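Visitor: Okay, here's the structure, questions in a sec.
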Amino acid sequence: MKLVEPTAAGAAKQMSKQTEFVTVTVADQLLGLPISRVHDVFVVSEMTTVPLAPGEIAGLLNLRGRVVTAVSLRRRLGLQDSHESERKMAVGLENQGEAYGLLVDDVGEVLKLDTDEMQPNPVHMDRGWVELSQGVHQLRDKLLIVLDVDAVLDFGGEREAA
Amino acid sequence: MDDLLVEFLTETNEHLETVDVEMVRFEQDPNNEAILSNIFRLVHTIKGTCGFLGLPRLEALAHAAETLMGKFRDGMPVTTPAVSLILTTLDRIKEILGELERHGAEPQGSDQDLIEMLDRMAAQEVSAVEAAPPSPPAKPQAAGTLVYQVLERELKPGEVSLDELERAFQEAPGPEKATTSGSLTYQVLERALKPGEVSLDELERAFREAPGPAPLVVSKPAPEKAEAAQAVAAPQPAKKAPDPSSEGAEGSEGVTGKVQTIRVSVDTLEHLMTMVSELVLTRNQLLEIARRSSEDHGYKVPLQRLSQVTAELQDGVMKTRMQPIGNAWQKLPRVVRDLSNELSKKIELVMQGADTELDRQVLEVIKDPLTHMVRNSADHGIESPAERKAAGKPEKGTIRLNAYHEGGSITIEIADDGKGLNLAAIRKKAVERGVATDAEVERLSDAQIAKFIFHPGFSTAEKVTSVSGRGVGMDVVKTNIELIGGTVDIRSEQGRGTTFTIKIPLTLAIVAALIVSSKDQRFAIPQVAVSELVRVSPSSEHSIERINGTPILRLRDRLLPIVPLSKVMGLPGGEDVNHGFVVVTQVAQQRFGILVDGVFHTEEIVVKPMSSKLRHIQLFSGNTILGDGAVVLIIDPNGLARMVGTESNSNEFQTDTGLEQTVVAADEMTSLLVFRGGGESLKAVPLSLVTRLEEIDASTIEWSSGRPVVQYRGRLMPLVSCDEELAIKRQGMQSLLVFSDGDVSMGLAVAEIVDIVEDKLDIELLAERSDLVGSAVVRGRTTEIVNVAHYLPMVLETWARKDKGKGPERPLLLVDSSTFFRDMLVPVLRAAGYRVHTASTAQEAARLLSGGLQVDIIVTDLELSGHSGLALVASLRADPNHARTPVIAMTVKSDPQQIALARKLRVSEIVSKIDRKGLLSALAEFSGVLEEAA
């Protein structure tokens, strides 16, 4: 993606409003989830696939006695499944009283970023991505896409099937 | 105030329910004072509270009703219209309460109509009773004042609960005429209200103290009673007085009962239930770990204890969800009473096992179906008193409700001693509605026929009443009950009554499930739906066969459709449907087998709802976590049945029995009627050729010039024995297969009709016998296929005579790949006056025609082996010699595309291959046309 030159931004400015993001990687792309929405981060051990389920749903997980719906962020972003069979990481989210686990390639550190410095999505970004992204943060060496958690989890079973 | 209102609504609604029931009881037993005073007290309570809360409409209504009831208590005769009027008033009160609940305020409107009627009724009764000698009310009247005081004093020490408040209010209206005592009550009230809330303990104590003195007081005035009784026209306050004492006594019982219970919101209970479910799962996981490790680290004993406590806790919490089924029955006495009035029938409702408990969720679901079924019994089942008398039964019909636990389920029976189901009418209706064909209906057992009433839009009521007979209902009842994994069964005996038996699981939250695997993934199937397990492999006794690719299992001579689980789920991997286990599943009347790879064990599972993202998958009803921590999906047998049903777009899963065989209309399947002749061997004839099955009394067989005939539907029908060994009976019952063509019929006498089966026909021709087409293996047994054509000449006189009138035979070409069908059709066509040429393939037909064969008409099967029938027609149309020859096409499956194509090729008529009549009428049309042309 061709973008504006990365400027020295990020954690420098102290005064303005800051948000903490849990960073995750999917296909080498850095993405951030507002920490307020993240319940926990866990390693996926055993997953039950659900036949006939919409493609975005990878399966069901048992997270400490609770059944959690695993959503593949890769598939949600229109990417192929990763073939590397490393340990699978998931970010625990909650939406409308239901527990979800967002499957990602890796979970990184927690970043404190200035809300004001978030820039709108580049105009030519993939439509599917635009829908899930709230904006872009320019980090020193990378770009971080701020995920809209509600949008990520907003895909209808029925509508898709119909 | 809002809280107070909510509380008031809940309580009042409960009270009203009770009043409904009590009122009906009272009507039947007007001398029971206990019931009356109970009703009186309840209405009084309602009235009092309404006044307090400032609900004038309710208060006025309750007051009017109370006045009338007061007259009852004074000894007025209890009449049905009066009771009806009070019940109507209660209904109106309920309506207003409903509004109140929705909008928080009493709706506008006037109840003057009802109040006037109530007043008029009350006035009437007064005059009526005044005329009559004063019946002794036998109430301790003068004593009342005493009690009153005692009660007031006792009340002071304890604080006052709403209950007491209500009681206080009950007393309050009394003084309307006796102001002195009234003002006193109010004082008590005002003082009591201030302290506010009351602890349960205190409440209990207060109540324990309150009723205590009451009996003492009552016993004291006993001698005064006699005196008081003489003063019948005692002043009002005196009359009211006994209330508190009796209420005090009754109230105390009620209260001690009430103290044990507190209202807890359903949400709290649900939450508790969820938590316990979690606990159970965690326990299971722990146990699993403990099982796996052989070493005891000293935690096994506490784990055992934990396990035990968890089980008890689970039990306890489950109990909080349980409610007596009587709650669902509460409305029924009223319903039955109203119905019996409306229908002028005498009906008694007997309820047994009302305290049988079941999950409230389940209770909610069955409430309406139960009411509907009781209505049905009252309307359809129970006869009018006159009819009952004529039938030698007591005038009063009985509807009996019975509930009891049985294993992990609860059984509810609804039995009436009415006239029973009219099976003949149901049979007729089933045919009319196209639910089943004549032939099917003939061979279904009574029990199977009875089940037809569960079909949508099925009602046999001769006239539609306001109650039932509109053809909605029983199917909804069934659907509702099945929704919660229950079943309904009917047992009916002509003239003796009908019994419906409902079986439902106790709870929906925890179910026993069978854990199975398909393609290395585990699934849970609710045990209630599983009727048996069958292991299948190609070499064993049970092997899966295929009909046109559709797997089928022969199980005890029935065909069981098989649904490979992996296929329904679209799981990848080669489809090896020959090995594995078949889970025989019964969903209502549908029976089918789910083919799975492995079966593990049964486990109690806690049903967790599916995520909203997955809820649209009808195959699964939920998910659960097993003891080893794995998440498994719970298969919904209903959903599976529906899915497969819509997939194949045919009625593949037919009703339980009988019809099952007619199921698969796959290409090569033929319905065969299997019967026995004189010998041991089985014989069969295609069902499509048989018009009816009859059983006639052999004494009605007449012998005209040595040939047996029988009068059948106003005509003489010749009879032929199906083989030489079998002599037509001279006495007893003779089974007949009737073959008809127009008005001509023939009866084929057989020894016994064995069965109707659906099977492939693979005939090895037997040349040396003309009465047989050949023999085939039907259901694993060698069976002789009877050639109907052989018998026709035996009764030739009629058939031939019919033909003669038609002049010369017309040439016809019959093209059909199946030897069997050709052999079947040729005699039929000959009998219809055609000279028949046959061809087995399109090529052969083309060769015949190009070789100079001229025919008037061509009858061809569209599904010919090799070339299709349509290709043949297309090539004919290209040939100027045959471009105009009429063609009648026969097909087994009607495919719109095929039909369109056929029309394009000017195929004159398309008939179903098994519709012999249709073919003949199509031919008849042509012969008419041809004759005109000639």
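The values are calculated or read from the model by the stated rules, or taken from the named source; none is laboratory data. From a predicted model like this one, the values you see are computed outputs, not experimental measurements. Cβ sites come from the backbone with ideal geometry, for glycine too, and all protein chains shown count toward neighbours. All accessible areas refer to the heavy atoms of the entire protein, side chains included, with ligands and DNA or RNA removed. Shrake-Rupley method; radii C 1.70, N 1.55, O 1.52, S 1.80 Å.
Visitor: Using only protein heavy atoms and a 1.4 angstrom probe, determine the accessible area buried between B and A, summed over both sides, in Å² to the nearest 100.
Guide: The contact between A and B buries close to 1900 Å².
Visitor: Using a ≥ b ≥ c from the Cα gyration tensor of the range B:495-560 (square roots of the eigenvalues), is it rounded, prolate or oblate, where a/c under 1.5 gives rounded and otherwise the larger of a/b and b/c decides, a/b for prolate?
Guide: It comes out oblate by the Cα gyration axes.
Visitor: I've got another one for you. Arrange the residues A:Tyr100, B:Tyr404 by how much accessible surface each exposes, largest first, with a 1.4 angstrom probe.
Guide: B:Tyr404, A:Tyr100
Visitor: Right, next: Let me know the whole percent of all Cα-Cα pairs from the range B:669-732 that are separated by more than 20 Å.
Guide: Every Cα pair in the range B:669-732 considered, those over 20 Å come to 37 percent.
Visitor: Using modelled backbone amide H atoms (1.01 Å from N, in-plane), which distant-in-sequence or interchain residues come within less than 5 Å of A:Ala99's amide H?
Guide: A:Thr69
Visitor: Can you give me the relative contact order of the range B:266-321 as a percent, contacts being Cα pairs under 8 Å and 6 or more apart?
Guide: Numbers: 22 pairs, mean separation 34.4, N = 56.
Normalised by residue count, the contact order of the range B:266-321 is 61 percent.
Visitor: Same structure again: Which links in B:Lys428/B:Lys478; B:Lys419/B:Lys478; B:Lys319/B:Lys503; B:Lys319/B:Lys608; B:Lys346/B:Lys367; B:Lys393/B:Lys428 stretch past 26 Å when you go from one Cα to the other?
Guide: Pairs exceeding the cut-off: B:Lys393/B:Lys428.
Visitor: Additional query: Sorted from largest down, what three extents in whole angstroms do the Cα atoms of the range B:266-321 have along their principal axes?
Guide: 44, 15, 11
Visitor: Moving to a separate point now. Under a plain spin-label model, where a point goes 7 Å from the Cα along Cα-to-Cβ, how far apart in nm are B:Arg292 and B:Thr700?
Guide: The two pseudo-label positions are separated by 7.4 nm.
Visitor: Taking a ≥ b ≥ c as the square roots of the Cα gyration tensor eigenvalues, with a/c under 1.5 meaning rounded and otherwise prolate when a/b beats b/c, else oblate, which class fits the range B:1-133?
Guide: Prolate shape, in that a/c is at least 1.5 and a/b is the bigger ratio.
Visitor: With label points built 7 Å along Cα→Cβ from the Cα atoms of A:Lys112 and B:Ala883, find their separation and express it in nm.
Guide: With each label point 7 Å from Cα toward Cβ, the separation is 9.4 nm.
Visitor: With each pseudo-label sitting 7 Å past Cα toward Cβ, what's the B:Lys319-B:Arg781 distance in nm, one decimal?
Guide: Output for this residue pair reads 5.7 nm.
Visitor: A further question follows. Put simply, what bits of the range A:29-53 lose 20 Å² or more of accessible area when the other protein chains are there, versus the chain on its own (1.4 Å probe)?
Guide: In the range A:29-53, residues shielded by partner chains: A:Glu46, A:Thr48, A:Thr49, A:Val50, A:Pro51, A:Leu52.
Visitor: For the range B:266-321, with every protein chain kept in place, what is the accessible area per residue (1.4 Å probe, Å²)?
Guide: Accessible surface, normalised per residue, equals 65 Å².
Visitor: Which ³J(HN,Hα) values, rounded to whole Hz and listed in residue order, are derived for the range A:116-133 from phi using the Karplus coefficients 6.51, -1.76 and 1.60 in 6.51 cos²θ - 1.76 cosθ + 1.60 with θ = phi - 60°, glycine and proline given as x?
Guide: Whole-Hz 3J(HN,Hα) from phi for the range A:116-133: 5, 7, 5, 10, x, 4, x, 4, 9, 5, 3, 4, x, 6, 4, 4, 9, 10.
Visitor: Moving on to the next point. Within 10 Å of each Cβ of A:67-76, how many other protein chain Cβ atoms are there on average? Spell out each step's value before the answer.
Guide: Values: counts 11, 2, 6, 2, 2, 0, 0, 0, 0, 0.
What the average comes to for A:67-76 is 2.
Visitor: Now a separate question. Please sort B:109-120, B:64-75, B:272-283 by packing, taking for each peptide the average over its residues of neighbouring beta carbons within 10 angstrom, highest first.
Guide: On the way: B:109-120: 14.6, B:64-75: 21.5, B:272-283: 18.3.
Result, highest mean Cβ count within 10 Å first: B:64-75, B:272-283, B:109-120.
Visitor: Considering only protein heavy atoms, what is the solvent-accessible area of A:Met47 at a probe of 1.4 Å, reported in Å² to the nearest 10?
Guide: My reading of the accessible area for A:Met47 is about 50 Å².
Visitor: Only four residue types carry charge here, +1 at the Cβ of Lys and Arg and -1 at the Cβ of Asp and Glu. Report the dipole size of the range B:839-905 about the Cα centre in Debye, rounded to the nearest 20.
Guide: 220
Visitor: In whole angstrom, how far apart do the alpha carbon centroids of the range B:388-413 and the range B:25-85 sit?
Guide: Between the Cα centre of the range B:388-413 and that of the range B:25-85, the gap is 31 Å.
Visitor: Here's a follow-up. Rank-order B:301-314, B:371-384, B:515-528, B:429-442 by packing density, defined as the average count of other C-beta atoms within 10 Å over each peptide's residues, highest first. Please report the intermediate quantities before stating the final value.
Guide: Values: B:301-314: 13.4, B:371-384: 22.5, B:515-528: 20.0, B:429-442: 16.5.
For the peptides B:301-314, B:371-384, B:515-528, B:429-442, the packing ranking is B:371-384, B:515-528, B:429-442, B:301-314.
Visitor: Considering only C-alpha atoms, what is the centroid distance from the range B:96-118 to the range A:36-53, in Å?
Guide: Centre-to-centre distance over Cα atoms comes out at 55 Å.
Visitor: Another question, if that's okay. Over all residues in B:515-521, what is the mean tally of Cβ atoms on other chains that come within 10 Å of each residue's Cβ?
Guide: 1
Visitor: In terms of the Cα gyration tensor, with a ≥ b ≥ c the square roots of its eigenvalues, is the range A:18-161 rounded because a/c is under 1.5, prolate because a/b exceeds b/c, or oblate?
Guide: The shape class here is prolate.
Visitor: Something else about it: From Cα pairs below 8 angstrom and at least 6 apart in sequence, can you work out the relative contact order of the range B:19-119, rounded to a whole percent? Intermediate results must be reported in sequence, preceding the final value.
Guide: On the way: 82 pairs, mean separation 29.8, N = 101.
Computed over the range B:19-119, the figure is 30 percent.
Visitor: Using a 1.4 angstrom probe and counting only protein chains, how large is the accessible area of B:Ser704 in Å², to 10?
Guide: Using a 1.4 Å probe on the heavy atoms, I get roughly 60 Å².
Visitor: Right, something else. Considering every residue in B:278-288, what mean count of other chain Cβ atoms within 10 Å of its Cβ is obtained?
Guide: 1
Visitor: Right, here's the next one. To the nearest 10 square angstrom, what accessible area does B:Asp355 show with a 1.4 Å probe?
Guide: So the heavy atoms of B:Asp355 present about 120 Å² to solvent.
Visitor: Here's another thing I want to ask about it. Whole Å is fine, so just give me how far the alpha carbon centre of the range A:117-141 lies from that of the range B:323-373.
Guide: Using only Cα atoms to place each centre, the spacing works out to 63 Å.
Visitor: With contacts defined as alpha carbon pairs under 8 Å and 6 or more residues apart, what's the relative contact order of the range A:18-161 in percent?
Guide: Here the relative contact order equals 28 percent.
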